[in-house]
1. Against the definition (loosely packed, with under 13 Cβ neighbours inside 10 Å, basic (K, R) and touching a helix residue (DSSP H, G or I) at 6+ places or on another chain (Cβ under 7 Å)), how does K284 come out, yes or no?
2. With the condition kept exactly as written, say whether any residue in the stretch 172-187 is assigned by TED's automatic domain parsing to the domain that holds G222, open to solvent by 60 Å² or more (accessible area, probe 1.4 Å), in contact with a Leu (Cβ under 7 Å, 6 or more places away or on another chain) and within 16 Å of ligand 3 (Cβ to nearest atom).
3. State whether one or more residues within the stretch 64-83 are in a helix (DSSP H, G or I), within 18 Å of D11 (Cβ to Cβ) and not basic (K, R).
4. Give me the pairs: first residue in the stretch 103-114 and closer than 17 Å to E140 by Cβ and at pLDDT 95 or above, second residue near ligand 3 (Cβ under 9 Å from one of its atoms) and part of a strand (DSSP E or B), beta-carbon distance under 8 Å, and six or more apart or on different chains, which are they?
5. Taking the stated definitions as given, is I10 modelled with pLDDT of 95 or more, within 15 Å of ligand 2 (Cβ to nearest atom) and open to solvent by less than 80 Å² (accessible area, probe 1.4 Å)?
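The values are calculated or read from the model by the stated rules, or taken from the named source; none is laboratory data. If you're wondering where the values come from, they're calculated on a predicted model, not measured in any experiment. Positions of Cβ are generated from backbone atoms using ideal geometry, with glycine treated the same way; all protein chains shown enter the neighbour counts. Accessible surface is based on the protein model in full, side chains and every heavy atom, while ligands, DNA and RNA are left aside. Shrake-Rupley method; radii C 1.70, N 1.55, O 1.52, S 1.80 Å.
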Amino acid sequence: MPKQRIIMHIDMDYFFVAVEERKNPELKGKPVAVGADPKGGKGRGVVSTCNYEARKFGLRSGMPISKAYKLCRDCIFLPVSMELYVEASEKIMEMFRKYADKSEQVSIDEIFLDISSKVKDFKEAEKLAKKIKKEIYDNEKLTCSIGVAPNKLVAKIASDFEKPDGLTVVNPDRVSGFLAPMNVRKLWGIGPKTAEALKEMGIETVRQLSKAKQDRLIDEFGSFGHEMHLMSKGIDESEVEESYEIKSIGRQVTFQKDTKDKKIIFDTIDSLAKETHAELKEEKLFYKTVTLTVRFEDFDTHTSAKSIKIATDSLEMIKGMAKELIAPYLKDKRKIRLLGVRVSKLSEKEAQKQLV
Ligand code: DCP
Ligand code: CA
Ligand code: CA
């Protein structure tokens, strides 16, 4: 029998607004939403998320901002500061990853950790989950909800079970009982349409689904019927797959003295490209986009980028593209203060090889 896996799923609580509250503690305890400007109820766009105080008024992610405004006039609406959330996310994710054999970040605020070899049993896993929650709170002043289970499917459902600031551990022998009373919508890939079709078959809960004949499900839903049958029994063998967290690699340098000297500029591009390329090779990655950053002596900063269709790991290409990108800036009267070279659209393989 394969070794019992222990999987943890962590999801941050009301993430965007939590980060806003941390920045401005006066927001705490008040209904707050992040999203488009409601413009007195006439604004367009949607709510990205809101805190639990705002949820009491019925506000939800994805809700039109005009409707949110009608539901709660006193709600504080903030614009989306994506960079702020990305920065917070990167820090938190790095903290989580160190506890896992393998990790898989699935969105800006959630991650799966395979902790099978890091802990002896589910009791130890629970202790680790508490430790992680404390560490995130102490260091980042943010709360999260954690689910621990024998697989990803159940861990994800468990993290949602006692939100916010929750911790739910589902031992292997508790899996069936845990899932049984839940609505089938909790399972992966079962959206409103599938749920409606199941309802017509008299199936609303996971327990009812687990009792349905597999053949009947396959007749109705094809191969997904088979997956549904497995999920209803709490079976999910999908692995925690390391995803590449590295989004870009680059180097920049501020000159000792602002310069317009072409030789110095080109030599600097060459050495920035070389360092960037070395890290790229180390990570065994390929890129499609090269971005150049130029800051002039008056701090006016420009970035421009060039992309190629097929991913490569060529050093010459980084140098060449960066030099093409610098050309228009060399015509400027001002001296250059800082130069940066960055590669992005990273992948693990060359595009050509991916086709095979
Ligand atoms: N988000 C978004 N638009 C959506 C849903 C989410 O912009 N329709 C963003 C804002 C959220 C973040 O993604 O803060 C994470 O989404 P979650 O679904 O995990 O929701 P929250 O973290 O906001 O709340 P919860 O406490 O329910 O997890
Ligand atoms: Ca969340
Ligand atoms: Ca989430």
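1. It is false that K284 is loosely packed, with under 13 Cβ neighbours inside 10 Å, basic (K, R) and touching a helix residue (DSSP H, G or I) at 6+ places or on another chain (Cβ under 7 Å).
2. No, every residue in the stretch 172-187 fails to be assigned by TED's automatic domain parsing to the domain that holds G222, open to solvent by 60 Å² or more (accessible area, probe 1.4 Å), in contact with a Leu (Cβ under 7 Å, 6 or more places away or on another chain) and within 16 Å of ligand 3 (Cβ to nearest atom).
3. Scanning the stretch 64-83, I find no residue that is in a helix (DSSP H, G or I), within 18 Å of D11 (Cβ to Cβ) and not basic (K, R), so the answer is no.
4. D109/D11; D109/M12; E110/D11; E110/M12
5. Yes.
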